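A.B. asks: Just dropping this structure here.
The values are calculated or read from the model by the stated rules, or taken from the named source; none is laboratory data. All values derive from a computational prediction rather than experimental measurement. All Cβ positions, glycine included, derive from the backbone under ideal geometry; neighbour counts span all protein chains shown.
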Amino acid sequence: MSSCIAFIGGGNMASAIVGGLRRAGHPAEDLLVVEPFEAQRERLAAEHGVRPLAAADASLARARAVVWAVKPQLFHEAAAPAAPHVGGALQLSVMAGLRSDAISAATGTARVVRGMPNTPALIGQGITGLFARDAATADDRALVEQLLAPTGRTVWVDAEGDLDTVTALSGSGPAYFFYLVEHMVAAARSLGLSEPQARELALATCGGAAALALQSGESPTALREKVTSKGGTTHAAITSLQADGVGAAVERAVQAAHRRARELGDEFGRA
């Protein structure tokens, strides 16, 4: 019997990975998804051609890798019926906060990789921070990168605690961007543009700026200074932002998210 990739949980992130693997030519019969909610099972079947299970069973023993994609507070409940069958597989967690020692204890293997993706993974434009326990081999790391390739880029960190920073920066980061765009659009509307005009202009501006920063190799500071002429409109806006302490507020926001990530790890992530 051929090996498979198993997913415990069939929500958005699991669906993004499954969909990417299917588009890359991975056979549906080699993707095993355990999803308790019938509506979600039907959606997975319709969109990706897989046949999800309502509950874990002995077929999980086929898995060479298990992707844990349930809510962290549901992990132990989901792991109990799966654990007898998955101890020989690599464990990849995309759950926030659940620490690798808890995953290792619940599954009976130290071959654990933790990942922190973000929502742009749903359109293949995400970035995932990754940490591997010592027992995970080079082949295990390569398999993780292969599984996550359809979702976007990956970055490995050396210490598991660094995933809390990844969570605060890139995991939560899309929400910071959306918050900024909300207020850019609101300001443009108050100055006379329609909502569709303001939204298109704001999103295209932010997307283009991000693409430019990725391609140029210059620092964000250097890029900002290039478009900030003394006495010009951009200078007026940046001066206003600085006077309002926006830079320090952003840094405090990331630090607050980092603290909360650690708290969640303490709450859910111990073995």
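A.B. asks: Considering only strands (runs of 3 or more DSSP E) fully contained in the range 1-91, which possess at least 3 residues that are in contact (Cβ under 8 Å) with a residue 40 or more places away in the chain and either among the hydrophobic types (A, V, I, L, M, F, W, C) or in contact with a helix residue (DSSP H, G or I) (Cβ under 6 Å, 6 or more places away or on another chain) (or both)?
C.D. replies: 4-8, 63-68
A.B. asks: Starting from the range 150-163, keep only residues that are over 17 Å from SER15 (Cα atoms), then list their pairs with residues that are at pLDDT below 95 and part of a loop (DSSP other than H, G, I, E, B) whose Cβ atoms are within a distance under 8 Å, requiring at least 6 positions of separation or different chains.
C.D. replies: Short answer, once both residue conditions are applied: GLU160/ARG99.
A.B. asks: Considering only the range 1-19, state which residues are over 19 Å from the mean Cα position of the chain (by Cα) and either surrounded by fewer than 21 Cβ atoms within 10 Å (Cβ to Cβ) or of a type in the set (D, E, K, R) (or both).
C.D. replies: Of everything in the range 1-19, those that are over 19 Å from the mean Cα position of the chain (by Cα) and either surrounded by fewer than 21 Cβ atoms within 10 Å (Cβ to Cβ) or of a type in the set (D, E, K, R) (or both) turn out to be MET1, SER2, SER3.
A.B. asks: Also, I was wondering about something else. Filter the range 20-29 down to the residues that are farther than 16 Å from ARG64 by Cα and over 15 Å from the mean Cα position of the chain (by Cα), then identify the one that is surrounded by the fewest Cβ atoms within 10 Å (Cβ to Cβ).
C.D. replies: Taking the candidates together, the pick is GLY25.
A.B. asks: Right, another one. Among the candidates LEU169, LEU92, which residue alone is within 17 Å of the chain's Cα centre (by Cα), hydrophobic (A, V, I, L, M, F, W, C) and closer than 13 Å to VAL67 by Cα?
C.D. replies: Going through LEU169, LEU92 in turn, the sole match is LEU92.
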